[in-house]
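Worksheet for the structure shown next.
What follows draws every value from the coordinates through simple rules; no lab data is involved. Quick caveat, the model's predicted, so the values are computed rather than measured. A quick note on method: Cβ atoms are made from the backbone with ideal geometry, for glycine too, and the neighbour counts reach across all protein chains shown.
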Amino acid sequence: MRPFSFRPRALQLAVLASPRHPLIFLLSAFRISAFLTAAFRISAFLTALPVRFLLSAFRISAFLIAAFCFVLTVFTGCRLPPQKPSTSFYPIGIYSVPSTNDFASLNQAGFNLVSGSAEKAYLDAAQAAGLKVLAAPGTSAGPGFNPANARHTVKQFDRHPALWAWYIVDEPDMDGIPPAQVSEACRSLKAAGARKPTALVLYQGYEALHYGNLADITLIDRYPIPWLPLANFGQHVTMTRLALGRDKPLLAVIQAFDWASCPEMLPGRKNFRAPTHEEIRCMTYEALARGANGLFYYAYDTGGWKLREHPETWEALKSVVREVNRRLPLFQARPQWWAKHHTFSDPEHAFNAALESSVTSVLLRVNEGSALVPAGDYIVAVNNTENLLEYSFDLPRTLAPDSQPSALNHQPSTINHQPSTLNHQLPVVRSPSPIPVLEENRYLRPEKNRLVDSFPPYAVHVYGPLP
């Protein structure tokens with residue numbers, strides 16, 4: 001709320017006592033007026049003044065005060081505070097769903113979110129199918145942003161239960177849209193009364209330093225198959241997370257299409273193909289291990305690419321989404337700090353094409369588990385290369401609960417370096433009990449508090465719950 005240049009005492013009370021909503025603000029002003037009326041009755045009785053005259057005059061003044069308060073709410077932008085993204089809702093979305101006829105099958109496949117249009121019929125159909133919608137507010141940030149369209153769309157649909165967030169702009173960093181214009185579009189939606197979160201998508205992870213804190217939710221899209229190493233995907237997720245900080249919502253947008261559907265986007269490139277099941281699964285767990293709070297897959301139906309016409313890719317994606325839903329407590333888990341010491345049997349393959357570790361590993365703490373994923377600590381390890389690897393790592397050492405700090409899920413690590421202790425506390429080595437490998441029907445027994453395992457290309461292993 002902006003400061004006022006004129007504040008009589010009664011108006012100050014109304015401003016300070018009332019929530020940021022015009023109706024409640026107005027009611028609060030009337031309550032204060034009623035209180036002052038009662039006080040006037042008492043003073044009139046004590047001083048033997050003509051009560052009826054005073055009450056008539058005061059009622060008029062009370063009405064004027066209340067009306068003035070209401071006008072102030074309109075011109076100062078007082079409104080309900082914006083909604084924060086729900087922490088209980090884990091987004092599993094798919095881009096480009098133009099037809100509501102596909103909603104039922106997408107929900108059945110395990111998706112709970114689509115990108116689509118801000119139209120009543122579309123939102124109503126999504127609600128009936130149990131889906132949320134990421135929708136543009138009738139315009140997009142940039143030089144062509146239309147505040148009137150944004151206000152009209154927000155007024156119509158911001159309270160719709162199916163609307164998940166407002167899609168402010170797609171890849172402004174690629175299109176050269178200045179951050180100031182994106183920021184202005186976000187402010188325009190908030191001024192129009194938007195309570196649903198705003199969202200934007202970036203192409204380059206390092207651009208999150210400039211764009212990442214403009215909208216409420218940031219998405220990062222990288223589609224590397226087959227023209228870039230898959231490691232490029234995780235690298236940009238990490239850069240985005242580091243720029244955003246630990247707590248801001250970040251969704252990773254994962255490739256589920258063939259660049260052959262739009263070759264003009266990559267001139268001079270050939271031999272396009274869609275990602276395999278192993279690659280889609282690898283990028284999904286890379287997103288988890290590197291700090292994403294949700295997933296989007298691109299794309300269902302762009303016109304040039306129709307996912308249902310590519311059954312191998314469609315079945316691969318459905319298989320991965322089923323797995324995410326089956327292991328949902330793992331994807332909702334909180335990353336934990338870990339004094340990680342890991343090695344590779346072949347040092348030549350210790351680093352990927354992005355000069356990062358060929359295996360991304362993270363320690364996750366599941367607080368609310370399920371029958372498949374009980375509460376406890378887990379290590380997720382992802383081979384982000386096309387190489388067969390033998391990878392070994394020390395198990396986390398147990399510390400007192402109040403000394404276990406949270407940190408970014410892409411943990412600081414050392415290769416061939418001795419683990420360190422935290423705050424000079426003596427760590428307690430975990431029990432050498434066999435550790436289950438999730439849904440692989442096998443156990444690994446630690447040797448000197450260390451696990452060794454084999455990783456086929458793009459393989460994912462989940463160890464836990466740890467003893």
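For the stretch 266-378, what is the relative contact order in percent, using Cα pairs closer than 8 Å and at least 6 residues apart in sequence? Across the stretch 266-378, relative contact order equals 22 percent.
DSSP beta bridges confined to the stretch 92-168 are antiparallel in about 0 percent of cases. Full extension of the chain segment joining Ala121 with Lys306 gains 64.3 nm, where the gain is 0.36 nm per residue of separation less the Cα-Cα distance.
Full extension of the segment from Met174 to Ser454, taken as 0.36 nm per residue of separation minus the current Cα-Cα distance, would add 96.9 nm.
Amide hydrogen proximity for Phe351: with H placed 1.01 Å from N in the peptide plane, the residues at 5 or more positions away or on another chain lying under 5 Å are Ser358. This ranking places Ser115, Ser357 by how few other beta-carbon atoms lie within 10 Å of each, fewest first, which gives Ser357, Ser115. Listed values for the stretch 366-375 are Karplus-derived 3J(HN,Hα) couplings in whole Hz (6.51 cos²θ - 1.76 cosθ + 1.60, θ = phi - 60°), namely 8, 8, 10, x, 9, 5, 7, 10, x, 4, and x replaces Gly and Pro. Backbone geometry of the stretch 278-288 corresponds, through the Karplus equation with coefficients 6.51, -1.76 and 1.60 at θ = phi - 60°, to 3J(HN,Hα) couplings of 4, 6, 4, 5, 4, 5, 5, 6, 4, 4, 4 Hz, x marking Gly and Pro.
Going from the fewest other Cβ atoms within 10 Å to the most, the residues Cys282, Cys186 appear in the order Cys186, Cys282. Close amide H partners of Leu389, meaning residues 5 or more places away or on another chain with modelled amide H under 5 Å apart, are Phe455.
Sorting Asp346, Asp221 from the fewest to the most surrounding beta carbons within 10 angstrom yields Asp346, Asp221. In terms of Cα to Cα distance under 23 Å, which lysines are near enough to Lys448, apart from those fewer than 8 places away along the same chain? The reachable lysines, counting only those whose Cα sits under 23 Å from Lys448, are Lys340.
In terms of distances greater than 19 angstrom between alpha carbons, the cross-link table entries Lys132/Lys306; Lys155/Lys196; Lys270/Lys318; Lys155/Lys190; Lys155/Lys248 yield Lys132/Lys306; Lys270/Lys318; Lys155/Lys248.
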